[in-house]
1. Whose amide H sits under 5 Å from the amide H of residue 214, counting only residues 5 or more places off or on another chain, with H placed in the peptide plane?
2. If we count other beta carbons within 10 Å of each Cβ, what is the order of 33, 143, fewest first?
3. Starting from the Cα gyration tensor of the range 315-376, take the square roots of the eigenvalues, sort them a ≥ b ≥ c, and report rounded, prolate or oblate (rounded when a/c is under 1.5, otherwise prolate if a/b is larger than b/c, else oblate).
4. Provide, as a two-decimal number, the C-alpha radius of gyration of the range 152-450 over 2.2 N^0.38 Å, N being how many residues it has.
5. Can you compute the charge dipole magnitude of the range 7-136 about its Cα centre, using +1 on each Lys and Arg Cβ and -1 on each Asp and Glu Cβ, nothing else charged? Give it in debye, rounded to the nearest 20.
6. Considering only DSSP beta bridges with both partners in the range 18-162, what is the antiparallel share in %, to the nearest 5?
7. Filter the trypsin sites (Lys or Arg not before Pro) in the range 308-341 down to the DSSP loop ones having no more than 11 other Cβ atoms within 10 Å, then list what survives.
8. Lysines within cross-link reach of residue 503: Cα-Cα under 30 Å, excluding same-chain residues under 8 positions apart?
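Throughout, read-outs are computed from the coordinates displayed, never taken from laboratory work. Computed from a predicted model, the values in this text were never measured in an experiment. FYI the Cβ positions are ideal-geometry reconstructions off the backbone, even for glycines, and counts take in every protein chain you see.
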Amino acid sequence: MRPGAGLFKKALKPDQADMWICAPFQIEAETRDVAGLAWGVLISWRDRDNQLHKETFSRALFVGECSELRARLANAGFSLNPSQAARQAFAEFFNFCRTDARAISVSSTGWHDIDSKMIYVLRDQVFGTPAEQVVLQTLESSDSPYGVSGTAMQWRQEVGLLCQGNSRLVFCSSCGFAGPLLKIVELPGGGFNIEGHSGSGKTNCLRVAASVCGGSPRDGASGYFRSWRATANGLEGVAVEHNDGLLCLDEIGVGDAREAGETIYAIANGIAKVRAHRLGGARSVARWRLLILSTGEIGISAKNAEAGKRTHAGQEVRLVDIPADAGMRMGVVEQTHGFESSGDLIKEIEIRCRQYYGAPLRAFLVALVAKLDADRDGFIARTRERVAQLARGWMRGHEGASGQVMNVATRFAVVAIAGELATAEGLTGWSDGEAAEAAKICFDAYLGQRGTVGAREDEQAVDQLLNFVSKHAAGRFDAWRELRAAVVGDANPEASPPVERGKTLQRVGWRRWDRLESAEWGYRYFLTPTGLNEALAGLSPNDARQALARRGLIVAPRGKENAAKGVLSATYNVPGEGKVRLYQLADSIMSAAGAGE
């Protein structure tokens with residue numbers, strides 16, 4: 001039966017009927033980006049339930065029979081004639097359609113500088129006052145994670161107040177507000193992994209953070225989650241959807257151990273792989289900036305170990321572990337708010353996060369854009385100073401801290417300031433200073449688990465050297481068979497080295513029986529440059545050697561000239577070998593390695 005309304009193609013002959021093409025729609029505007037490229041069309045229509053839809057389609061979808069365009073319209077309740085002639089007429093119409101109305105298109109959610117103003121874009125809402133309409137335009141369709149249920153004030157009363165007094169819950173809720181601040185303070189992407197055993201409540205930390213940002217009718221705030229069980233390419237697309245926002249990734253343990261480290265680098269660095277298009281040239285590269293909040297029974301180091309990979313310092317800096325246990329033997333809970341147990345509180349928060357989600361972030365963005373419109377430069381400068389001041393305050397008493405730890409402190413501070421800004425807008429129900437205090441508690445827990453404020457590469461250099469010497473002390477260090485006068489004439493039988501059997505294979509250095517600085521007899525170890533490089537494989541050789549020297553594990557040769565030049569090796573006359581350049585290791589190397597002879 002022929003529909004009675006919509007787009008028709010007029011018949012060429014009087015005795016033929018007009019051909020119905022599709023249901024009614026309205027062309028609202030033609031779109032293009034600020035560079036005058038990426039042209040598209042903004043269309044509105046009503047589905048079979050009379051619900052209004054608006055979506056922008058790239059003109060790249062109008063090529064050929066418009067199959068992708070038709071599929072997306074049909075999925076949104078738009079009626080189409082499936083005949084070949086109607087499909088061709090549909091394509092012809094959209095390729096020829098014109099309107100004087102214009103809108104600016106952007107290809108991702110998040111912040112965009114348009115007409116000298118900062119505009120924040122979600123799929124269904126634009127925050128800011130641009131001179132021209134702004135719309136999101138993507139080549140592919142996807143469900144927005146930024147669903148809304150309830151109001152911001154309902155979230156404050158039902159969820160925010162239950163987080164109060166619980167450092168992990170307050171911190172993670174603050175993470176929900178922190179994504180939009182990254183660009184304002186010019187901080188690169190990165191995030192946090194709430195690490196703890198099953199049942200500790202770590203997923204609920206993720207849930208309260210997600211409830212700030214969005215969710216779905218079926219899953220509540222959990223609908224905002226994404227899973228670590230995805231390919232690196234798939235997570236790139238997810239990252240674009242969460243640009244300038246929070247990405248919640250549940251359970252790192254289910255991810256592919258072979259890709260975990262590389263995935264963290266890619267997501268935190270905010271740039272997709274370079275790929276070729278069908279003609280061989282490079283496609284435009286997707287970019288994003290986001291905050292990551294992850295959960296897992298293990299951290300990134302253990303995840304890499306599953307695949308036999310070493311964890312790079314950059315990975316640990318980009319995704320830092322926070323112990324889920326808040327120290328009260330109740331997992332993430334410190335204050336039960338009158339509930340009989342921490343488990344009851346967690347269950348209640350889960351129930352409420354199914355009902356209230358998504359509104360707090362939108363209210364926060366309204367307030368944030370208003371501040372930027374009123375005094376952009378001043379607000380940005382004040383926010384950056386507040387973040388820097390907070391991070392510096394946390395680092396007092398940690399003299400000699402590495403730049404890595406300072407960068408992580410800054411990320412924690414951004415989350416703290418986001419929570420304080422949301423509190424000042426009346427969105428959380430917390431007292432002033434609570435978000436900052438919760439972030440400080442979580443930062444201290446991170447430092448306690450990390451065990452040092454030094455550079456992670458320095459710790460890795462120490463660990464690798466000690467493990468290498470402990471593993472190969474007897475097998476790959478050749479005996480230095482020099483009998484010096486002091487040794488020959490010593491009446492102490494310990495002056496003679498233990499009897500050794502076997503042949504040294506793949507020699508990495510020598511060990512010499514000698515009187516050590518402790519006045520006891522033992523082996524003194526010397527590594528060849530090749531042997532030391534093997535011990536420090538995967539690290540920057542020069543930086544690692546200098547770190548070992550600072551720790552006293554490599555003994556620098558005496559002399560002011562050597563010290564000035566930073567020379568750490570010396571030439572030794574090894575019996576049977578002649579002059580060999582070697583690195584002398586500290587006498588305490590074996591006790592430090594936890595082994596003995």
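1. Result for residue 214 returns 358.
2. Details: 33 16, 143 10.
Arranged by neighbour count, lowest to highest, 33, 143 become 143, 33.
3. Numbers: a/c = 2.88, a/b = 1.53, b/c = 1.88.
Oblate, since a/c reaches 1.5 and b/c is not below a/b.
4. Working: Rg = 18.4 Å, N = 299, 2.2 N^0.38 = 19.2 Å.
Working it through for the range 152-450, the quotient is 0.96.
5. Details: 15 positive and 16 negative charges, 57 e Å.
Once rounded to the nearest 20, the dipole reads 280 debye.
6. Once the DSSP bridges in the range 18-162 are tallied, antiparallel ones form about 75 percent.
7. 329
8. Correct list for residue 503: 471, 579.
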